[in-house]
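The values are calculated or read from the model by the stated rules, or taken from the named source; none is laboratory data. Only a predicted model underlies this, so the values are computations on that prediction, with no experimental measurement involved. Cβ: placed from backbone, ideal geometry, glycine included. Neighbour counts: every protein chain shown. In case anyone asks, the SASA skips ligands and DNA or RNA and just uses the protein heavy atoms, side chains included. Shrake-Rupley method; radii C 1.70, N 1.55, O 1.52, S 1.80 Å.
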Amino acid sequence: MDVLTRIGLVELAFGAVLGWAVAATMITPQLVERAGVRKPRRILQAHLDYVIMGIILIAVGLAVPGLPTWLTVAIVIGTWLNPTLFLPLARFPRAATRTWFQALSVVSFTLTSGGLVGAAVVGLIR
């Protein structure tokens, strides 16, 4: 099994487990608030994005196995960083206005979109 497929399965599983935190925001919102979560919807966004990114990794790993290492690394970092960036926003909503957060967002989107375009090109020329 290709490395992207394996990592995608882990990311998909992580997203599934994060579903428990989403359930907690609905069932026991007072506990979640006591834990410092100010924007519980961000947990739902992270949950969905981890699931989506995991499926993307699995699909790319199955469709274009054996990508060059640099492309694999770019795609993996981007598809993990993207959903992870929702988590600090759950507790610190103003993080989105900070330079470090914006820079990480640009890096994440660049690695994900650039890596996936690269995977498409590799898949088309093989």
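When the criteria are applied in full, Gly118 meets the requirement of being farther than 21 Å from Val51 by Cα, open to solvent by less than 20 Å² (accessible area, probe 1.4 Å) and at pLDDT 95 or above. Restricting Val60, Val37 to those that are outside any loop (DSSP other than H, G, I, E, B) and either in contact with a helix residue (DSSP H, G or I) (Cβ under 7 Å, 6 or more places away or on another chain) or in contact (Cβ under 8 Å) with a residue 40 or more places away in the chain (or both) reduces the list to Val60.
Between Gly15, Gly8, Gly19, the distinction of being closer than 20 Å to Val122 by Cα and either assigned to a helix (DSSP H, G or I) or modelled with pLDDT under 95 (or both) belongs to Gly8 only.
Is the stretch 49-56 home to any residue that is surrounded by 16 or more Cβ atoms within 10 Å (Cβ to Cβ), assigned to a helix (DSSP H, G or I), modelled with pLDDT of 95 or more and aromatic (Phe, Trp, Tyr)? Yes, the stretch 49-56 has at least one match.
Looking across the stretch 63-92, the residues that are in contact (Cβ under 8 Å) with a residue 40 or more places away in the chain and under 22 Å from Pro29 (Cα atoms) come down to Pro83, Phe86, Leu87, Leu89, Ala90, Arg91, Phe92. Residue selection: Leu71 satisfies the criterion of being under 30 Å from Leu124 (Cα atoms), aliphatic (A, V, I, L, M), part of a helix (DSSP H, G or I) and over 15 Å from the mean Cα position of the chain (by Cα). Scanning the stretch 94-115 for residues being without any contact (Cβ under 8 Å) to a residue 12 or more places away in the chain, in a helix (DSSP H, G or I) and open to solvent by 60 Å² or more (accessible area, probe 1.4 Å) gives a total of 6.
Among the candidates Pro88, Pro83, single out the residue that is part of a helix (DSSP H, G or I) and in contact with a Lys or Arg (Cβ under 9 Å, 6 or more places away or on another chain). The conditions single out Pro88.
Taking Ala59, is it within 25 Å of Val122 (Cα to Cα), surrounded by fewer than 19 Cβ atoms within 10 Å (Cβ to Cβ), at pLDDT 95 or above and not polar (S, T, N, Q)? It is true that Ala59 is within 25 Å of Val122 (Cα to Cα), surrounded by fewer than 19 Cβ atoms within 10 Å (Cβ to Cβ), at pLDDT 95 or above and not polar (S, T, N, Q).
Selection of the stretch 1-26 for residues being of a type in the set (S, T, N, Q) and crowded, with 19+ Cβ neighbours inside 10 Å yields only Thr25. Counting only residues that are over 20 Å from Thr112 (Cα atoms) and surrounded by 21 or more Cβ atoms within 10 Å (Cβ to Cβ), the stretch 79-93 holds 1 of them.
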